[in-house]
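Have a look at the structure below before the remarks.
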Amino acid sequence: MADRGIRIPLDIRIKMRGIMVRAAVAAAVVTAVVFWLSGRGPVMAAQETGEAGRYGPELRITRKVETAEEGEFQETSDRYWAINGKEYRLDYWEIVTIPGQEVSQPLERKMVYTGVEGAEGLPGSVSLKEDVSGNQAEGTLFLRESRIVREEWKDGFTAPVTFHAYGADEYHGGSLVIPGDAVLETCVSMGGQLLEFMGLSPLEYRILGAEWSGESYEDEEGRMCRQAVVRGQKLLRDYEATYEGEVSWTQPETHELEMVYRQITPVTSVSLEEAQEGGHVPAPEVPGGGREGNLWYWVRSGFVITVGAGLIGISVGLLALLAVWYRQNRREHRRRCLPRIKG
């Protein structure tokens, strides 16, 4: 029988065998390294979070700064215990300077005015300076409403009346006509019209008498004049007025102490080495991790497992290929050693 098998040169077979062996060894080493890292991962994470893992979430505390007698800021405490008993360590602190700001607030004030006669009236606005929260505030308040709380008639009303062209038969003032031979009597009898001519209300003033004040004289135009004085009563009222508006002031510069504390998490008595000797390595807890920390842990673990499984598959395939090649090589060797029989 003729040998129909394909013979591979010896040197090529030796090179192929060396390459396959090296590939199998490399795959096995990489697989071992990957699995070692997957087991070492929690240990490294636990070691990395050794000191930092002892501190939990931060706590910020802000308060106004209290100065000592020598003008220096009081020292802060390096420990803080919350109401729930948790202990916090001071991470850092700083002094924040808050500049003075313009502050305003609405203000309403009631004021009482006494003895106000009709010609005076109430002021429409008032300027106010007042202490508000320890600060000198200034502003303008405007009259919103007023009411009369008391009123009474009192003597004391006087008003001058000047008659030009003294000695004339009559005097005219608007619709008012005063005869020249009864000037004073007419001023009293027609007091209401005379008050209106003077711009005063007859409801708020009364003319009860009139008299001459001095002798006649010449004015700048050379006319003879004489002045009279009317006397009477005026109505005085007491008012309660309400003013409202805004006052403003500048707050002084202040200082605030901002302190940042971090929670101290309790450390268990079982060390990481003891847990490894017992065959159990606890999964590290990421401070403030929650769902995101667990998700990253499982993604990393899944990646390592997938890579390891792939390398194992490659190693098994290489070993199987090496076994097939070895069997074929032995078969060819046997076939070569058998005697050839020719027919």
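The values are calculated or read from the model by the stated rules, or taken from the named source; none is laboratory data. Fair warning: this is a prediction, and the values are worked out from it, not measured in the lab. Cβ coordinates were reconstructed from backbone atoms using ideal geometry, including for glycine residues, and neighbour counts include every protein chain displayed. The accessibility values were calculated without ligands, DNA or RNA, using every heavy atom of the protein model including side chains. Shrake-Rupley method; radii C 1.70, N 1.55, O 1.52, S 1.80 Å.
The residues listed here are PHE157, PHE163, PHE197; of these, the one that is within 30 Å of GLY214 (Cα to Cα) and in contact with a helix residue (DSSP H, G or I) (Cβ under 9 Å, 6 or more places away or on another chain) is PHE163. Only residues that are farther than 18 Å from SER213 by Cα and either open to solvent by 20 Å² or more (accessible area, probe 1.4 Å) or within 60 Å of the chain's Cα centre (by Cα) (or both) were counted across the range 169-194, and they come to 11.
For the range 224-245, check the following and say yes or no: at least one residue is outside any strand (DSSP E or B) and either touching a residue at least 12 places away in the same chain (Cβ under 8 Å) or exposed (fewer than 14 other Cβ atoms within 10 Å of the Cβ) (or both). Within the range 224-245, not a single residue is outside any strand (DSSP E or B) and either touching a residue at least 12 places away in the same chain (Cβ under 8 Å) or exposed (fewer than 14 other Cβ atoms within 10 Å of the Cβ) (or both). Restricting the range 195-205 to residues that are touching a Leu at 6+ places or on another chain (Cβ under 6 Å) and assigned to a loop (DSSP other than H, G, I, E, B) leaves a set whose member that is surrounded by the most Cβ atoms within 10 Å (Cβ to Cβ) is GLU204. Of the residues in the range 136-155, at least one is of a type in the set (D, E, K, R) and under 30 Å from THR254 (Cβ atoms). For the range 97-124, the tally of residues that are of a type in the set (Ser, Thr, Tyr) and within 42 Å of the chain's Cα centre (by Cα) stands at 2. Annotation: of all residues in the range 150-168 being hydrophobic (A, V, I, L, M, F, W, C) and closer than 21 Å to PRO202 by Cα, the one that is most open to solvent (accessible area, probe 1.4 Å) is TRP153.
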